[in-house]
Amino acid sequence: MAAVLDGKATAVKVKNSVASKVADYIAHGGRVPSLAVILAGENPASQVYVRNKKKDCEEVGIFSSVYVLPSDTSKKELLDLVSFLNSDPETDGILCQLPLPRREDENEVLEAILPDKDVDCFHPYSAGRLFQGNPLMLPCTPAGIIRLLDEYGIQIEGKRCCVVGRSNIVGKPAAMLLLSRSGTVTVCHSRTPDLASHTRSADILVCAVGKAGIITGDMVKPGAAVIDVGMNRGADGKLCGDCDFDSCSGVAEWITPVPGGVGPMTRAMLLENTLTAYRIHEGIV
Ligand code: NAP
């Protein structure tokens, strides 16, 4: 049976580390780090995510402000708010919760966020720096995956890594980070023929598709680390990942559960990024 990579426990370690650094800065007369979250519309899942982010911030001593806007907020109003937050010296990180009610506004709004406040790392400049191996901050979910691998001493260098999914938010940046750690990376997607032939040769398998059960035990290399990013609702209404946990854990050496794997790590890395942004603004090296 595979050992479980405990994202919940590792996230607590990350949060404790952020909290102690924040306390230290404040104890030495520094200002309080802060995160501004923009929530436009009434998407129930987004409301939960934003509530959780606020709670996480409170737990580690980061000040968070949530700007709740109605569904019919115009692109100009969103851009004006981003512009205000960009120029606000008290705001370290800016996060615009996606999806926006008008999906067509998303790129322009995300690109308006200053890169040194771009704690989600969705700005093309942030993606470009990641591509060049010189990131200011790391995208939260991929960074959480790497942190989890590191926590359990799972070597990346020299290993075959397979990332299933090529989104700008998870798949591509996860592949870039694994590459930057000297893994040999294959990226698969919906048009990859014979997906199993790729997943089966991976020492580290990252699955970020959004389809429950797309990875089964027979697609996993014995001894592999299986990182399940997917968040789906199973037929029973319960949260589940992309990987069939029972069959995969019979073959893999390591596996992340859903819930309790990558999800908590994503949340924790946002706090780390907010602290990084704070350090940039305060000139702390
Ligand atoms: P996305 O933008 O929909 O991307 C899904 C990717 O999966 C696409 O690249 C798609 O390929 C690929 N794909 C679809 N069907 C496939 C198939 N049959 N075989 C191989 N690849 C296939 O999704 P995302 O934003 O990356 O999110 C992926 C999942 O992770 C979702 O369940 C999401 O909820 C979850 N997620 C979790 C966290 C967390 O913190 N745990 C964070 C973010 C996302 P094409 O490019 O060819 O269409």
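Of all the options 172, 15, 75, the one that moves most in a Gaussian network model of the chain with Cα springs shorter than 10 angstrom is 75. Applying 1/(1 + (r/R0)^6) with R0 = 30 Å to the Cβ-Cβ distance of residue 3 and residue 47 gives a FRET efficiency near 0.30.
Using a/c under 1.5 as the rounded threshold, could you call the stretch 69-212 rounded, prolate or oblate? The axes a ≥ b ≥ c are square roots of the C-alpha gyration tensor eigenvalues, and prolate needs a/b larger than b/c, oblate otherwise. Since a/c reaches 1.5 and a/b is larger than b/c, the shape of the stretch 69-212 is classed as prolate.
Before anything else, pin down the relative contact order of the stretch 120-212: Cα pairs under 8 Å, at least 6 apart, normalised by residue count, whole percent.
Over the stretch 120-212, the number comes to 29 percent.
Computed about its Cα centre, the charge dipole of the stretch 152-282 is approximately 360 debye, with only Lys, Arg, Asp and Glu carrying charge at their Cβ. Computed from the C-beta positions of residue 104 and residue 28, the FRET efficiency with R₀ = 41 Å rounds to 0.35.
Counting only the Cα atoms, the chain fills a convex hull of 129 Å³ per residue.
Of the cross-linked pairs 15/238; 76/238; 8/221, those separated by over 31 Å at the C-alpha level are 76/238. Seen from residue 202, the other residues with C-beta closer than 10 Å to its C-beta sum to a net charge of +3, counting Lys and Arg as +1 and Asp and Glu as -1. Expressed in units of 2.2 N^0.38 Å, where N is the residue count, the Cα radius of gyration of the stretch 245-285 is 1.84. All C-alpha pair distances within the stretch 142-245, sorted into 10 Å bins from zero, spread as 17, 51, 29, 3 percent across the bins. Each listed q (0.14, 0.20 Å⁻¹) maps to a log10 I(q)/I(0) for the stretch 1-153, found by the Debye formula over equal Cα scatterers with no solvent: -0.79, -1.40. Placing +1 on the Cβ of every Lys and Arg and -1 on the Cβ of every Asp and Glu, with no other charges, gives the stretch 1-139 a dipole of roughly 480 debye about its Cα centre.
Taken together, the values in this text are just the output of simple stated rules run on the coordinates, not laboratory data. Please read all numbers here as calculations on a predicted model, not as lab measurements. Here Cβ is always computed from backbone atoms with ideal geometry, including for glycine, and neighbour counts include all displayed protein chains.
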